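What follows is a single structure, written as structure tokens, with notes after it.
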Amino acid sequence: MDLFLTAMPALGEAFALVFQPQQLMYLIAGVLLGLSIGVLPGLGGIAGLSLVLPFMFGMEPVSGLALMVGLIAVVPTSDTFSSVLLGIPGSSASQATVLDGFPMAKKGEAARALSAAFASSLYGGLLGAVVLTGFIFIARPLILAFGLPEMLMITVLGLSMVAILAGRVPLKGVVAAGMGLMAGTIGAAGAGGSLRMATYDIPYLVDGLQLVIVGLGIYAIPEIISLLRQDQPISSGGTLGLGWAQGVRDWWQNKWLSTKCAAIGVVIGVIPGLGGSVVDWIAYGYAVQSSKDRSMFGKGDVRGIVAPESSNNAKEGGGLIPTLIFGIPGSGSMAVFLGGLALLGLSPGPQMIRQDLNITYTIVWSLALANVIGAGLCIVLSKQIARLTTIRFTLLAPYLFIMIAFAAFQSRQSLGDLAALVAIGLFGILLRRFDYSRPAFLIGFVLSNQAEGFANMANQIATARFRRGFDVGLDYIATPLTIVLLILTVVSVVIGIRQAKNIRENLDAPTGAKRAPMVFLMCVTAYLTVAWIDAFSIIRLNDKIFPLTVGTVTLIGCTMLLVRMIRKPETDDVFIDLEAAGEERDAPHGLWRTLSWFLSLLVMSGLFGFIIALSLFLLGFFRIRAGRGWLASALFMAGGLAFMIFLAWVLGRDFPPGLLQSYSNLPWPLR
């Protein structure tokens with residue numbers, strides 16, 4: 001009762017603060033900035049918050065909070081545009097939306113998909129804000145109940161979603177997830193610093209691969225190349241189909257699914273470090289497992305949009321719980337948010353709840369209001385923005401690629417970012433071609449570091465406990481929460497394997513000759529073998545046990561696939577090759593010829609620097625590949641350059657230099 005009496009006046013005071021004209025202005029400014037950032041593939045809350053941090057100095061706390069919360073609240077809503085319209089995840093939290101959103105756009109139902117997504121996002125965001133309100137007082141015991149064994153089991157539960165995303169051949173899903181886990185181990189080990197599949201001769205690999213580059217490479221590059229080869233609009237029809245009202249009705253028909261997935265988002269958001277990278281997959285997996293009719297998932301089922309969009313907005317409210325109560329960031333964007341709080345003179349933690357409860361609840365009201373404003377703007381604009389699907393894709397592709405390249409540059413601002421993007425993009429193309437689950441690969445990569453970290457720490461503590469006594473050790477690892485999570489994981493795997501055939505990234509899956517799929521699998525096996533040998537040579541046990549274990553399991557999966565390939569005929573699903581028939585084979589432009597355009601940008605960047613290379617790339621692409629005149633090509637080039645230079649100037653970024661810059665002192669942005 002005392003808590004209630006304390007909270008209500010603080011809620012009322014916070015409500016009055018948020019609805020002051022000045023605070024509303026900053027909130028709307030944050031929402032508009034979040035919308036602008038979110039529609040650009042790969043640029044999420046981290047980049048947006050980093051942009052506004054310099055302006056936090058000297059700002060009034062409520063105004064600064066309104067600006068930051070408005071931004072982070074709407075990014076998970078606006079990043080749906082690129083996921084649905086272009087098949088490119090707008091951020092790590094909108095990857096699952098691609099599976100059903102993009103097929104709907106291809107069928108001319110982009111407006112319906114977007115409006116369903118925005119309604120789900122609005123509901124999820126509001127539910128997250130409501131839960132945050134209550135959790136400010138009651139979340140501490142729940143968070144403290146999660147120790148290392150529970151964190152490890154939550155990670156394993158996330159990995160179990162691989163089962164539902166394994167596709168037609170479950171072994172391919174296992175191999176894809178294993179490759180993702182192994183890719184996540186590249187670089188210096190977190191425990192002892194041993195180098196794994198890296199060398200100091202190539203400094204770029206020492207810090208490992210970055211999620212933004214892997215996500216864009218696995219999803220964005222393959223889809224851009226595939227659509228570019230067809231040389232036609234994304235949506236074959238000139239109409240957008242059903243409008244936003246139908247999408248809202250779709251959400252209402254699935255309101256209970258939306259509620260459950262929003263609850264999942266809040267719970268996952270509460271757990272520090274798990275958050276946005278996996279919450280959409282868990283929600284998507286739940287939607288599939290709990291549905292009676294699963295035949296349309298992966299082909300354009302609106303439930304495949306409602307589930308992840310409800311969860312990824314609700315997780316923002318959940319992520320603020322450990323951030324505000326303990327000062328522990330629940331995600332990368334929350335880490336930047338903590339920096340903003342410090343600049344505003346606020347210290348998150350129990351003392352903030354005790355001393356600045358009105359400021360704390362200001363964040364709650366700002367979160368709720370920003371979701372309403374953001375979703376409303378997105379619904380109003382969705383019909384206009386959805387018309388992008390009717391534009392000839394050849395005119396959009398180069399701009400998309402340079403935006404993706406710029407997002408990749410945010411990693412380390414080096415030419416290695418572009419090289420890694422192209423290399424991983426090529427690997428993503430091959431995964432897509434031979435029907436290996438790209439979601440499974442990405443889940444493995446996302447969870448690799450934390451799975452290894454939690455496993456090492458839990459193993460060390462459990463070993464010490466078992467030395468004191470078997471009962472002591474068992475009490476540590478077999479807690480009620482751990483057992484519940486284990487049961488959920490087993491159920492998820494069993495149901496997932498049974499239903500995996502219903503979740504297909506590629507609807508048409510022609511089989512071809514044995515040669516190409518076997519060569520690809522043998523190359524994967526060779527890499528895994530080298531990685532296993534490299535891990536075995538490491539001296540520190542904690543640095544090698546995880547890659548050795550994962551490598552062994554993945555190599556067993558590869559061996560079983562090879563045996564199946566040898567024994568089965570060419571018509572078996574294990575020999576799926578999208579280049580064997582259908583749209584891919586009959587595309588007017590070849591795969592390698594199309595990819596060579598982007599390889600040329602990489603080579604020219606190494607020679608002349610990114611901006612000069614980009615000028616040559618855009619001019620040549622629009623003149624030769626798009627068939628535009630010299631004047632039109634020059635105008636298209638100027639527009640792309642102006643946008644990139646403006647974005648870099650606003651964010652205070654330099655472009656990667658080439659050999660030319662090492663011999664001459666050129667002015668910005670050429671240097």
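The values are calculated or read from the model by the stated rules, or taken from the named source; none is laboratory data. If you're wondering where the values come from, they're calculated on a predicted model, not measured in any experiment. So basically every Cβ, Gly included, is an ideal-geometry build from the backbone, and we count neighbours across all protein chains shown. Ligands, DNA and RNA are stripped out before the accessible areas are found, and what is left, the full protein with its side chains, is counted by its heavy atoms. Shrake-Rupley method; radii C 1.70, N 1.55, O 1.52, S 1.80 Å.
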(request) For region 532-540, state whether one or more residues are more than 25 Å from L660 (Cα to Cα), at pLDDT 85 or above and touching a Gly at 6+ places or on another chain (Cβ under 6 Å). (result) yes
(message) Considering only residues that are at pLDDT 75 or above, in contact with a Ser or Thr (Cβ under 7 Å, 6 or more places away or on another chain) and of a type outside the set (V, I, T), which ones fall in region 77-90?
(response) D79, S83, L85
(message) For region 638-665, give me the residue count where each residue is open to solvent by 40 Å² or more (accessible area, probe 1.4 Å) and under 19 Å from L418 (Cβ atoms).
(response) 8
(request) Could you pull out every one of the helices (runs of 4 or more DSSP H) wholly within region 566-669 that has 1 or more residues that are at pLDDT 85 or above? (result) 591-608, 610-620, 630-651, 659-663
(message) Between A93, A113, which is modelled with pLDDT of 75 or more, small (G, A, S), in a helix (DSSP H, G or I) and open to solvent by less than 10 Å² (accessible area, probe 1.4 Å)?
(response) A113
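Going through V574, V563, V550 one at a time, which residue ends up being free of Cβ contacts under 8 Å to residues at least 60 places away in the same chain and not hydroxyl-bearing (S, T, Y)?
Working: V574 fails: free of Cβ contacts under 8 Å to residues at least 60 places away in the same chain; V550 fails: free of Cβ contacts under 8 Å to residues at least 60 places away in the same chain.
The unique qualifying residue is V563.
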(message) Can you find a residue that is touching a Lys or Arg at 6+ places or on another chain (Cβ under 7 Å), open to solvent by 70 Å² or more (accessible area, probe 1.4 Å) and charged (D, E, K, R) anywhere in region 578-599?
(response) no
